[in-house]
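Working notes for the structure below.
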Number of protein chains: 2
Amino acid sequence: MKNINLGVLGLGTVGTGVYKMIDENHDVIYKRLGAALNIKKIADIDITTDRGIKIDKKILTTDANEVVQDPDIDIIIETIGGEDIAFDYIMKAINSGKHIVTANKALIASKGNTLFNIAIDRGVDIAFEASIGGCIPIIKTIRETLISNRINYMKGILNGTCNYILSKITQQGSSFEDALAEAQQKGYAEADPTLDIEGIDTAHKLAIFMSLAYGMELDFKNIYIEGITKITPMDIEMADKFGYRIKLLAITKNRGDSVEARVHPTMISQDNMLAKVDGSINAVTINGDKTSDIVLYGYGAGMMPTASAVLSDVIDVSRNILSESILRIPILSYQKQYIQKIPILPIEEIESQYYIRFTTLDRPGVLANISGILGKFNISIDSVHQKGRSSNNIVPIVMLTHEAKELHINKALNEIKSLDVVVDPPTLIRID
Amino acid sequence: MKNINLGVLGLGTVGTGVYKMIDENHDVIYKRLGAALNIKKIADIDITTDRGIKIDKKILTTDANEVVQDPDIDIIIETIGGEDIAFDYIMKAINSGKHIVTANKALIASKGNTLFNIAIDRGVDIAFEASIGGCIPIIKTIRETLISNRINYMKGILNGTCNYILSKITQQGSSFEDALAEAQQKGYAEADPTLDIEGIDTAHKLAIFMSLAYGMELDFKNIYIEGITKITPMDIEMADKFGYRIKLLAITKNRGDSVEARVHPTMISQDNMLAKVDGSINAVTINGDKTSDIVLYGYGAGMMPTASAVLSDVIDVSRNILSESILRIPILSYQKQYIQKIPILPIEEIESQYYIRFTTLDRPGVLANISGILGKFNISIDSVHQKGRSSNNIVPIVMLTHEAKELHINKALNEIKSLDVVVDPPTLIRID
């Protein structure tokens, strides 16, 4: 019986899930792979807490070096998370000739260029399917299924926490703060939810996706990022009135010599498949030039869905080990010599339709003022909704524009903001 | 520059698409694969018709033997279709040591057991992603992404022709015959549409899926198959009233020592992702024990989507050639020695909710008669809808049952059929 020996770094949710899954499904894994997955060592700073799994204490250690330097271990599964400690141990593991499987999107997005070059030089595989969209085969689809397509665009819901919060606001009319509190209470949001609600986690995933899609170096820092903290129940109600849902989308478009890359709340038609994705589910629409849209949908996080993705990588790498075909597929989809720096278009350069909500004093001529300024910047208006007079003499005016350049929108809004009758900064939501 | 030499059998829609795609996207293919795909020979009985592609006439031949016996060709792409001629040439190609890529679901479903055994003995790969769901990565997802999951069930819309026809009846209230004629006129249905509308094509795909999911020998002939020819606008209207859509689904469920496998029109909730799949799109919901539902959606047919799937296989096999890892993944997902005969449960043994439409004379006591017989067989009724009196004294009665065993439903319907007041055989549609 052939064995693939695994070392696990971190026995948190994902690490525990991986252990559980191998324990419960070793028979089907063996019948398909033709070899057994054997967890030889697990390192965690806490090896005493009961995680609800039966585990041989002899394989537990508090010293991660023991795992990455064990000569019998073939593959290191990194589930520590974060960028620094994880990076150090992965580097040690690569230098010991181990293959790497990780779900760590922050690490890949920020240090992938370095890691991958070293891995290729050392002849080891790094796999990271679980870093985007949990159990959904997004990386496999882009690297393998769509391999002979040019990728035109991808639009995706890639953060379950944000999607859960937006679904709650939509369904219950809760405020953002209440919806976040509920998400935290139910374990869908972290105590410090910044990475999720500010869109950073989504952008990490977008950076990885784009690299695979276009053959470009990972470039997290130039992605435009806007979180969901400013979305109000009123915007969601207005979206509904116009036939839209608001989702935090990762969007990338192939623009030839450059690419669009942005994360922001987006209004999408209620008919769009992505509009129907509720709760902590993830989904992506990927458009290949020959396939048109492919939509993939499933659990984007959680112990077992993530463990499933990690194990699909572990088994892919195991097959490479067994058939002596390490690095059979280039890590970033393109052969190393064809990976380029491709510029990300500044957000001012994109074109979109826009939802703009103004908060104004209820005076005659306000609408004419605002639409006059928009007209000056060649922004044409698709529809206007003005709510009835309020008790405090303040009214919201909502406008939907036709396609316009973001630069022109920004200039117009700057001018509009300075009008006496405009009370708060306008709320801008892009429509896709 | 490394070359992978391809031979194409059949220059119909798919063969032409493959040629076009390599021609138009050779640059991205080369940058990703690290080798060029080179179509060395194409065989077709008609090599004179203009197919809208620029093709070097020297590579065309009417003799398929020239292609399968060319010593320089690495991979044979079979796009002839049908079971007999295709089988013969594939066998010749395998015996010449060629790897095979095919979209031929009828062939795989009926002769896959034989073909795969011979291929494994001869050490060649056979790939057939395009045989299920066009460009959607269904086979890759089951063989690779879900590899460490037990598969609980799959429900899928796998035939674009049927889905197009059902969408038309739903949207326009057309009769089945009119919707079929429209589908034929638009090229979505063949002149002889039997394979599609009778559910046979869907069952071919289901047979392949099940084999991969459960490690069972291909068993097409025991799948229960019911087509869409009996669906009326009235059933679709009633479905809508109860909150359902009617779709032709392929359904398989893992029942432990046996499996369910059936193709039939099915009422699914309008909230179900599959209910929202319209026109010639395909979609599947696959449930793994650790992932829960994964939904995959995209074009299930057409020249370029199918070519895209064929080329994803060609490139997978090319990578196996380049890294000398032929048969890296077992053809039917399980290692050969673990593939079993697994019995398909007779349709009488399944349990479901049912929609039953009776056509009866408008007389007092009819409803009591019918529900009395259902009650005798322990079938409890969820809701009843009786339409108003018609001019010809004939009324439809529609009943939705709770979960019941199909055997009991059949017995009850047999008894009900024999009632004097029941005019036509009842229409039965399973609810999922």
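The values are calculated or read from the model by the stated rules, or taken from the named source; none is laboratory data. Everything quoted here is computed from the prediction, not taken from an experiment. Cβ sites come from the backbone with ideal geometry, for glycine too, and all protein chains shown count toward neighbours.
Taking the conditions (1) more than 23 Å from residue B:357 (Cα to Cα); (2) touching a residue at least 40 places away in the same chain (Cβ under 8 Å) in turn, residue B:276 satisfies each one other than (2). For region B:286-342, the set of residues classified as on the phi > 0 side of the Ramachandran plot, more than 21 Å from the chain's Cα centre (by Cα) and not hydrophobic (A, V, I, L, M, F, W, C) consists of B:292, B:324, listed by residue number. When residue B:252 is tested against (1) surrounded by 23 or more Cβ atoms within 10 Å (Cβ to Cβ); (2) of a type in the set (Ser, Thr, Tyr); (3) facing chain A (nearest Cβ under 7 Å), just one condition goes unmet, and that condition is (3). Name the single residue, out of those in region A:316-333 being hydroxyl-bearing (Ser, Thr, Tyr) and more than 21 Å from residue A:112 (Cα to Cα), that is surrounded by the fewest Cβ atoms within 10 Å (Cβ to Cβ). Checking each candidate, the answer is A:323. Considering (1) in a strand (DSSP E or B); (2) modelled with pLDDT under 95, the lone condition that residue A:283 does not fulfil carries the number (2). Of all residues in region A:1-55, exactly one satisfies the criterion of being away from chain B (no Cβ under 14 Å), in contact with a Lys or Arg (Cβ under 7 Å, 6 or more places away or on another chain) and within 23 Å of residue A:189 (Cα to Cα), namely A:11.
If we scan region A:214-229, do we find a residue that is outside any loop (DSSP other than H, G, I, E, B), in contact with a His (Cβ under 9 Å, 6 or more places away or on another chain) and either surrounded by 22 or more Cβ atoms within 10 Å (Cβ to Cβ) or hydroxyl-bearing (Ser, Thr, Tyr) (or both)? Yes - at least one qualifying residue is present in region A:214-229. Can you find even one residue in region B:102-125 that is in a helix (DSSP H, G or I), farther than 17 Å from residue B:217 by Cβ, free of Cβ contacts under 8 Å to residues at least 24 places away in the same chain and outside the structural domain of residue B:249 (by TED's automatic domain parsing)? Scanning region B:102-125, I find no residue that is in a helix (DSSP H, G or I), farther than 17 Å from residue B:217 by Cβ, free of Cβ contacts under 8 Å to residues at least 24 places away in the same chain and outside the structural domain of residue B:249 (by TED's automatic domain parsing), so the answer is no.
Among the criteria (1) out of contact with any Phe, Trp or Tyr (no Cβ under 8 Å at 6 or more places or on another chain); (2) surrounded by 15 or more Cβ atoms within 10 Å (Cβ to Cβ); (3) not in a helix (DSSP H, G or I), the one residue A:382 does not fulfil is (2). Taking region A:1-36 as the range and being under 29 Å from the mean Cα position of the chain (by Cα) and among the hydrophobic types (A, V, I, L, M, F, W, C) as the test, the residues that pass are A:6, A:8, A:9, A:11, A:14, A:18, A:21, A:22, A:29.
Can you tell me which residue within region A:316-361, out of those that are assigned to a loop (DSSP other than H, G, I, E, B) and under 30 Å from residue A:405 (Cβ atoms), is farthest from the other protein chains (Cβ to nearest Cβ)?
Pass one, region A:316-361, residues assigned to a loop (DSSP other than H, G, I, E, B): A:323-335, A:339, A:341-343, A:345-346, A:350.
From what is left, the residues that are under 30 Å from residue A:405 (Cβ atoms) are A:341-343, A:345-346, A:350.
Values: A:341: 15, A:342: 13, A:343: 18, A:345: 21, A:346: 26, A:350: 24 Å.
My answer is A:346.
Taking the conditions (1) within 12 Å of another protein chain (Cβ to nearest Cβ); (2) within 27 Å of residue B:221 (Cα to Cα); (3) touching a strand residue (DSSP E or B) at 6+ places or on another chain (Cβ under 8 Å); (4) of a type outside the set (D, E, K, R) in turn, residue B:265 satisfies each one other than (1). Checked against the criteria, residue B:198 does not count as in contact (Cβ under 8 Å) with a residue 24 or more places away in the chain, in the same structural domain as residue B:246 (by TED's automatic domain parsing), closer than 30 Å to residue A:130 by Cα and acidic (Asp, Glu).
Would you mind stating whether residue A:336 is farther than 30 Å from residue A:233 by Cβ, of a type in the set (D, E, K, R), in contact with a Phe, Trp or Tyr (Cβ under 9 Å, 6 or more places away or on another chain) and surrounded by fewer than 24 Cβ atoms within 10 Å (Cβ to Cβ)? So residue A:336 fits the description; yes. Out of the residues in region A:230-250 that are assigned to a loop (DSSP other than H, G, I, E, B) and of a type outside the set (Lys, Arg), which is nearest to residue A:332 (Cα to Cα)? By that ranking, first place goes to A:231. Among the residues of region B:276-315, those that are within 7 Å of chain A (Cβ to nearest Cβ), crowded, with 23+ Cβ neighbours inside 10 Å, over 26 Å from residue B:121 (Cβ atoms) and not aliphatic (A, V, I, L, M) comprise B:288, B:290, B:291, B:297, B:298, B:299, B:305, B:308.
Restricting region A:123-137 to residues that are more than 7 Å from chain B (Cβ to nearest Cβ) and in contact with a strand residue (DSSP E or B) (Cβ under 6 Å, 6 or more places away or on another chain), which is surrounded by the most Cβ atoms within 10 Å (Cβ to Cβ)? Steps first, answer last, please.
Kept after step one, since they are more than 7 Å from chain B (Cβ to nearest Cβ), are these residues of region A:123-137: A:123-134.
Those left that are additionally in contact with a strand residue (DSSP E or B) (Cβ under 6 Å, 6 or more places away or on another chain): A:124-128, A:133-134.
Numbers: A:124: 23, A:125: 22, A:126: 25, A:127: 25, A:128: 23, A:133: 31, A:134: 27.
The residue in question is A:133.
As a summary of the residue check, residue B:54 satisfies the conditions (1) surrounded by 15 or more Cβ atoms within 10 Å (Cβ to Cβ); (2) on the phi < 0 side of the Ramachandran plot except for the one numbered (1).
Taken over region B:138-169, residues that are within 11 Å of chain A (Cβ to nearest Cβ), part of a helix (DSSP H, G or I) and either of a type in the set (Lys, Arg) or over 22 Å from residue B:272 (Cα atoms) (or both) amount to 5.
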